[in-house]
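J.: Below: one structure in structure tokens.
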Amino acid sequence: ATRTNDEKSAIKLSCNTHKDKMTRTAKTFGWICMVFNCGICACARELYRSEGKHSVCVFYATCLLALFEKKKNIPLFICYDDACHLVQRSMSLMGQHWIFAVMVCIVICVDKFHFVNHKDLWCLRCLNPYRYDQLIDKNSEVCEQLFRYFNRFKHVVLNKPGGKYRFFLLRMLDLKNMKQIKMNNNRNTNSRLAPRDATGMPAEKTARAAHKQLVESVKDKSDNLPIEFRTWTTFDPSIIQDNYDFLKKNILRDAVHYGERLSSKRRMEIQRDLRDFYVDKIKEKMLAKEVVDMEL
């Protein structure tokens, strides 16, 4: 009998949020979207069979590659409801391609609405969205709001063939983006960035008191995040891409050889070393730019 990715991996999380076992064979599972905080959808993809962590990991990697090709930097923060399994899956693949090493470097945390479902100590310590100042006034439930908008079309596309079904949803998504751009231009910035959950209520009110006490009871408060990351909002993937061969021989050496069998402690050490390496390269780049400006 073949083993699932959860059984192969050396990491066992106590969060019961994995979606690999939620499968549908007769029809597609749905859609997954990457939406910016302002409400603009950047990428969308149809899911087949299940919303497994491997499919989601490949989707995010594809989106980050597309964003990197169009502009140099990508967002430093990504919020996802099953972030714990997504991060662990990207850590298993960080020795195979440089884009997965980028996903390990950036901050992937649980969105505020679904954070109450996570009980693992590692999730509470490293994936807590309330720990980052950059996410305090951000709408981490923007994807849920977009899906709520698309639910009104479910009866329209129920009996459509596959091609017409995809064309209709993608066209509606394009029109929604155009409408959102006009709304953002005419709306106050502070009002459109107010954090809301899927029901429209402020996201801070959705966290239960018991879960807050559980988060506060975590003794180890370290989250593997350099001080510089707490002020940045974008990430430059070209640094990891240009130095990936060097990283595979040094920092990512164990990730290349062991992959999914890598222990949790070693994964966290590699993540910390990767982020420190990125910070050092950014400082060298800024210093070189200052030297050039002084010479000019």
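The values are calculated or read from the model by the stated rules, or taken from the named source; none is laboratory data. Computed from a predicted structure; not experimentally measured. Counting neighbours? That spans all protein chains shown, and the Cβs are built from the backbone with ideal geometry, glycine included. Note: areas computed on protein heavy atoms with side chains; ligands, DNA, RNA excluded. Shrake-Rupley method; radii C 1.70, N 1.55, O 1.52, S 1.80 Å.
J.: Only one of SER238, SER222, SER217 is open to solvent by less than 80 Å² (accessible area, probe 1.4 Å), modelled with pLDDT of 85 or more and either in contact with a Leu (Cβ under 7 Å, 6 or more places away or on another chain) or over 15 Å from PHE100 (Cβ atoms) (or both). Can you tell me which?
T.: SER238
J.: Consider LYS154 carefully, then state whether it is over 13 Å from GLY39 (Cβ atoms), modelled with pLDDT of 55 or more and surrounded by fewer than 13 Cβ atoms within 10 Å (Cβ to Cβ).
T.: yes
J.: Something else: Looking at region 272-296, I want the residues that are open to solvent by 70 Å² or more (accessible area, probe 1.4 Å) and have a partner that is assigned to a loop (DSSP other than H, G, I, E, B) with Cβ atoms under 8 Å, at least 6 apart or on another chain. Which pairs are those?
T.: ARG272/ASN224
J.: For region 113-127, check the following and say yes or no: at least one residue is closer than 13 Å to PHE77 by Cβ and either open to solvent by 30 Å² or more (accessible area, probe 1.4 Å) or among the basic types (Lys, Arg) (or both).
T.: Scanning region 113-127 turns up no residue that is closer than 13 Å to PHE77 by Cβ and either open to solvent by 30 Å² or more (accessible area, probe 1.4 Å) or among the basic types (Lys, Arg) (or both).
J.: For region 245-264, which residues satisfy the criterion of being within 21 Å of the chain's Cα centre (by Cα) and open to solvent by 20 Å² or more (accessible area, probe 1.4 Å)?
T.: Matches in region 245-264: GLU260, SER264.
J.: Being open to solvent by 50 Å² or more (accessible area, probe 1.4 Å), assigned to a loop (DSSP other than H, G, I, E, B) and touching a residue at least 40 places away in the same chain (Cβ under 8 Å), is that true of even one residue in region 137-146?
T.: yes
J.: Now, a different point. Which numbered condition in (1) touching a Phe, Trp or Tyr at 6+ places or on another chain (Cβ under 8 Å); (2) surrounded by fewer than 17 Cβ atoms within 10 Å (Cβ to Cβ); (3) of a type outside the set (Ser, Thr, Tyr) is the only one that ASN184 fails?
T.: Every listed condition holds for ASN184 apart from (1).
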